[in-house]
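These notes are about the structure you will find just below.
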Amino acid sequence: MKQCKHLAIIMDGNGRWAKAQGKKRTAGHLVGADNVRTIAIAANEMGIEYLTIYAFSTENWKRSQDEVEYLMKLPSYFFKKYMQEFIDRGFRIRMIGDLDELPKNTKKVLLEAEELSKDNTGLSLNIAMNYGSQREIVQAVNHYASDVLEGKATLGIDEDGFASYLYTKDFPPVDLMIRTSGEQRISNYLLWQIAYAELIFVQESWPEFTEDVLKRCLEEYTKRDRRFGGVKDE
Ligand code: FPP
């Protein structure tokens, strides 16, 4: 069976799910955070090695102050509740994104989770926090240019050389990207890394995205014919 090594998820629909139940949008984010644990465990059991989730984008600052503050406090709730379990399960937590713009305490909690799990070799749970793919690429270009100016790199890097300047330098390319809640957009997520990924859009919102829905997506993935630009054997 074709294995999906790296799964990326755009966890959309928390707000709409909560509103539909007469709750505040933030209630959806809370259930959504708990669901990250459920799906990380399920993904690990299904053989996925890298799970990259979109927790906060560089565009999400446009939301109300209340909602932004809530989203900034969620990592602290999340890791207090689940970090020990993640360690016990051998998960390695890693961050991608521009962490310098986050509130001091949020950044501290995220870096602590990375540090505590850095020797683990199980599932790599990668959290995209203040992440934007265009910013990632621009930062990579600037970093490469300054390396050239300082004589640390030479002109003419290839694709692999460029990828080594991205936040995701230690991860394999994304095999499958799933977006929940019916929208069919990429929203500035992992643009370089999904060059040959399969894309699946599901109707379920993120709080409704269960282990069974994940299984369904992986079954669909195994049926896809991935040719990476080549030609199928005749
Ligand atoms: C998009 O749904 C979701 C977000 C912007 C936040 C996602 C964050 C989590 C699920 C929590 C993860 C946290 C940690 C610490 C792992 P939306 O609210 O924009 O949905 P809508 O389209 O219905 O408004």
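The values are calculated or read from the model by the stated rules, or taken from the named source; none is laboratory data. As the structure is a prediction and not an experimental result, all values here were calculated from the model. Don't worry about glycine lacking a Cβ; one is built from the backbone with ideal geometry, like all the others, and counts go over all protein chains shown.
Candidates are the residues of region 14-67 that are within 23 Å of Ile186 (Cα to Cα), among the aliphatic types (A, V, I, L, M) and not in a helix (DSSP H, G or I); the one that is nearest to the ligand (Cβ to nearest atom) is Ala55. Among residues of region 26-44 that are within 11 Å of Pro207 (Cβ to Cβ), those with a beta-carbon under 8 Å from a residue that is of a type in the set (Ser, Thr, Tyr) and in a helix (DSSP H, G or I) at least six positions away or on a different chain give the pairs His29/Tyr70; Leu30/Tyr77; Ala33/Tyr77. Could you check region 157-188 and list, in sequence order, the residues that are touching a Phe, Trp or Tyr at 6+ places or on another chain (Cβ under 6 Å), closer than 24 Å to Lys2 by Cα and not polar (S, T, N, Q)? Selection gives Phe171, Leu176, Arg179. In region 150-171, the count of residues that are under 28 Å from Leu71 (Cα atoms), modelled with pLDDT of 95 or more, of a type outside the set (Phe, Trp, Tyr) and more than 17 Å from the chain's Cα centre (by Cα) is zero. Of the residues making up region 123-165, those that are closer than 24 Å to Ile10 by Cβ, surrounded by 14 or more Cβ atoms within 10 Å (Cβ to Cβ) and of a type outside the set (A, V, I, L, M) are Ser124, Asn126, Asn130, Tyr131, Gly132, Ser133, Arg135, Glu136, Gln139, Phe162, Tyr165. Of the set (1) free of Cβ contacts under 8 Å to residues at least 24 places away in the same chain; (2) on the phi > 0 side of the Ramachandran plot; (3) among the polar types (S, T, N, Q), all apply to Ser164 but (2).
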